[in-house]
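Worksheet for the structure shown next.
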Amino acid sequence: MKNQEKPNQNKADLKNPKDNFVAPASDAATDLRDFFIDCLKDIYWAENALVTALPKMIANATSANLASTITEHLAVTKNQVVRLEKVFDLLGEKAEGKKCEAMAGLLKEGDSILEETTPGAVRDAGIIAASQKIEHYEIATYGTLNAFAKALGENDASKLLTQTLAEEKEADCLLNDVALNAVNIVAAE
């Protein structure tokens, strides 16, 4: 196969790798601290967006256990917003959000799931699916932010981010339990 293309390779892959270089924006982060703060603004926007979106999920859930699980996580999410404000304060920064395109997309997908399902167990399964995608995004984000805080020697910020990371993992487990022990079983019938 010396001079042959690999099966999944297309002509764009064969071009000069420099053709894929992305020029940074004029306000691009120049060091890890700047990037860390930028990422905090992103998740701050995301958590505030969730505070607005979760009541819609609760209102559309027909499983009492699912509604209760999301209601409890709404309270946790509100506390996470406050915790992020503490992180900003520790860093000497103003708590402000920057639109998180990933979360905006996940929330839009959640709305689509509601529109594409009828009320009942199938919609509940869809709510869980959308919620777990959100939790997985948050787990990845808080894990990364925690690693940045540690690298920057921001130990107090790291402790707060670790607390939120644990809460997001717990929420994912609780949603998984609701899905596996009730909702998915009823939805499959």
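Taken together, the values in this text are just the output of simple stated rules run on the coordinates, not laboratory data. Quick caveat: nothing in here was measured; it's all calculated off a predicted structure. Note that we place each Cβ from the backbone using ideal geometry, even for glycine, and neighbour counts take in every protein chain shown.
What list do you get for T30, T77 if you sort them by fewest beta carbons within 10 Å? Before the final figure, lay out the partial values.
On the way: T30 9, T77 23.
Going from sparsest to densest Cβ surroundings: T30, T77.
Once fully extended, how much extra length lies between V186 and L90, figured as 0.36 nm per residue of separation less the alpha-carbon to alpha-carbon distance?
Numbers: separation 96, 0.36 × 96 = 34.56 nm, distance 4.70 nm.
Stretched fully, the V186-L90 segment lengthens by 29.9 nm.
About its Cα centre, what dipole magnitude does the chain give when the only charges are +1 on Lys and Arg Cβ and -1 on Asp and Glu Cβ, stated in debye to the nearest 20? Let's see the in-between values first.
Details: 20 positive and 30 negative charges, 102 e Å.
Approximately 480 debye in magnitude.
In what sequence, highest mean first, do 84-94, 135-145, 153-163 appear when ranked by Cβ atoms within 10 angstrom?
135-145, 153-163, 84-94
Starting from the Cα-Cα distance between T30 and K56, subtract it from 0.36 nm times their residue separation and give me the gain in nm to one decimal. Present the calculation step by step, with values, prior to reporting the outcome.
Details: separation 26, 0.36 × 26 = 9.36 nm, distance 3.89 nm.
Taking T30 through K56 to full extension adds about 5.5 nm, to one decimal.
Applying 1/(1 + (r/R0)^6) with R0 = 41 Å to the Cβ-Cβ distance of Q163 and K18, what FRET efficiency is obtained, to the nearest 0.05?
On the way: r = 43 Å, r/R0 = 1.04.
It comes to 0.45.
For the chain, how big is Rg over Rh, using alpha carbon atoms and the Kirkwood form of Rh?
On the way: Rg = 20.2 Å, Rh = 18.7 Å.
Rounded to two decimals, Rg/Rh equals 1.08.
Grab the range 31-181 and count how many Lys pairs have their alpha-carbon atoms under 16 Å apart, sequence gap of 8 or more, or different chains.
15
How much length is gained on full extension from K133 to N155, taking 0.36 nm per residue of separation minus their Cα-Cα distance? Mind showing how you got there, number by number?
Details: separation 22, 0.36 × 22 = 7.92 nm, distance 2.85 nm.
Here the answer is 5.1 nm.
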